[in-house]
Amino acid sequence: YAEADEFSRVRNALDASERVEGLEVTWKRKDGKPIMVRLSGRRIPDPQGSADIAEIIAQDVTEHRHLENRLQQAQKMDAIGRLAGGVAHDFNNLLTVILGYTRLLLDRPANPDTEALRQVEKAADRAAALTSQLLSFSRHKIIQPWVLSLNGVVANMKTMLERVIGEDIELSTDLASNLGSIRGDRSQIEQVIMNLAVNARDAMPQGGRLHFATRNTIVKEDGKNGNAKLPGNYVLMEVSDTGSGMSDEIMARIFEPFFTTKEVGRGTGLGLSTIYGIVQQAGGYVDVKSRLGKGTTFQIYLPQTSEPEAVPMSDPKPLQNLRGTETILLVEDHAALRQMTSIMLQNMGYTVLQACQPSDAERICSEYRSRIDLVLTDVVMPEASGPELVKHLQQLRPGLRLIYTSGYADSPALREEVLKHNLPFLQKPYGQSELLGKVREVLGMPVTIIP
């Protein structure tokens, strides 16, 4: 028995009923490793009356309990993810309203409350960043791959990384000036960088150095670079720390879900497996080098792309260039958000038809006698999804253009539908310039037909 109390539990059970049934206790193997066993048996009378004898069968249930704990952990993470996604969805709707009205007020000339409104805008922007992280964690965010500069992503995160790792860890970067572009979802690439930084921080409790480096590299077919699935041009990001390092046995398992060397309560065992999945989905791979007491280096290989880098969303056109006279059908079940979006569009000359649910949108499409140029619809609604609604509306009006908007989608199939056909999408929370910019962009595009 691992502890004397464990033996006492068995004795107490026998004293109470002369039997034990399914009693689980901890034993210790000869090598000192604890195991969990399930005991069943009975007390046997001693004819001489001089000994206390029990006949007991012991079943090793260590692996069974380990798998059960992993299942419970997975269920817990799924529940937390659903909660986080739902909360973030509600917050995104509220933040869109807050940011929308704040920016409408800021656009007024000579507003005496400009500074106060700027502070409201900053706080709402920070809250929007938080909801984005919650959605990334919950995997309910509709991701959109873009052509990205990895250097730009690392540079933009530097201040945040310095806060996360603490003052006792020195952060340095060596970013290649001629680095190629990659194609990926910005929030997921940011998650990879953040997870690697947190992992390095935990490996350096006494402080140390964390270094990010980027460069172009070529993976050849004979593969000196290891386990790349395909040869070609890659962007390589190396993340090195001066922490405790890892043994070969631990390195062989670090990408397994739920595997962690951290003490209970300090790690989920999903950080590195999440990194592995994101990089694999992007067509790359991860390599790791480590020595006990010498630190660890993670190498993230991401395929280069020759496509031009996407124009940053933060460089909107002047509002005066975004005016229009078209008619827009707005489908949104959140009343305050629907009203605010309608005001933004009407202020710029658009005619807006409001629908609070898909059935209202279908009725308007059937009864409205004039032209409807575009439908702006939420992806997630009570009666039907955005794609389902648009299919019906385009049967009524074949020339109808569309924009989906959402901050959350709990259906993987729905997220895949939006991405698969590269459908026009506006991420919540959005402001007036993002809304009007997307509207003008889509009105200038060919009609997108939902198959």
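Each label was represented as a point 7 Å from its Cα along the Cα-to-Cβ direction; for I250 and L175 these points are 3.1 nm apart. Sparse packing (at most 12 other Cβ atoms within 10 Å of the Cβ) combined with a DSSP loop state is found for the following trypsin sites (Lys or Arg not before Pro) in the stretch 28-65: R29, K30.
Compared with the direct C-alpha span, the chain from Q281 to R371 gains 28.2 nm at full extension, assuming 0.36 nm per residue. As a size descriptor, the averaged projected area of the C-alpha convex hull of the stretch 319-443 was calculated at 7.0 nm².
About the Cα centre of the stretch 4-60, how large is the charge dipole given +1 on each Lys and Arg Cβ and -1 on each Asp and Glu Cβ? Please answer in debye to the nearest 20. Roughly 220 debye for the stretch 4-60. Sequentially through the stretch 119-125, phi angles give Karplus couplings (6.51, -1.76, 1.60; θ = phi - 60°) of 5, 4, 4, 4, 5, 5, 5 Hz, Gly and Pro residues having no value and appearing as x. Taking amide H atoms as placed 1.01 Å from N in the peptide plane, the amide H of Y350 lies under 5 Å from those of G324, each 5 or more residues away in sequence or on another chain. Once the Cα-Cα distance is subtracted from the 0.36 nm per residue extended length, the V147 to Q357 segment shows a gain of 72.1 nm. Across the stretch 319-443, the mean sequence separation of Cα contacts (distance under 8 Å, 6 or more residues apart), normalised by length, yields a relative contact order of 24 percent. Note that the stretch 4-60, at 25 °C in a medium of 0.890 mPa s, gets a Stokes-Einstein diffusion coefficient of 202 µm²/s from its Kirkwood radius over C-alpha pairs. Here the dipole of the stretch 319-443 is about 420 debye; that uses its Cα centre as origin and unit charges on the Cβ of Lys and Arg (positive) and Asp and Glu (negative).
Where in the stretch 428-444 does the label zone of R118 land, with the point 7 angstrom along Cα→C-beta and an amide N cut-off under 17 Å? Taking a point 7 Å out along Cα→Cβ of R118, no residue of the stretch 428-444 has its backbone N under 17 Å. Here N12 and H64 are evaluated by their C-beta separation; at R0 = 25 Å the FRET efficiency comes out at 0.55. A Förster radius of 60 Å combined with the Cβ-Cβ distance from R19 to D90 puts the calculated FRET efficiency at roughly 0.65. Cross-linked pairs K158/K294; K220/K438; K122/K158: Cα-Cα separations exceed 31 Å for K220/K438.
Our coupling estimate for the stretch 207-214, obtained by passing each phi through the Karplus curve with A = 6.51, B = -1.76, C = 1.60 and θ = phi - 60°, is x, x, 9, 10, 10, 10, 9, 10 Hz, Gly and Pro reported as x.
FYI, it's all coordinate maths here, none of it is from the lab. Being a predicted model, the structure only gives us computed values, none of them experimental. Every residue, glycine among them, receives a Cβ derived from its backbone with ideal geometry; neighbour counts consider all protein chains shown.
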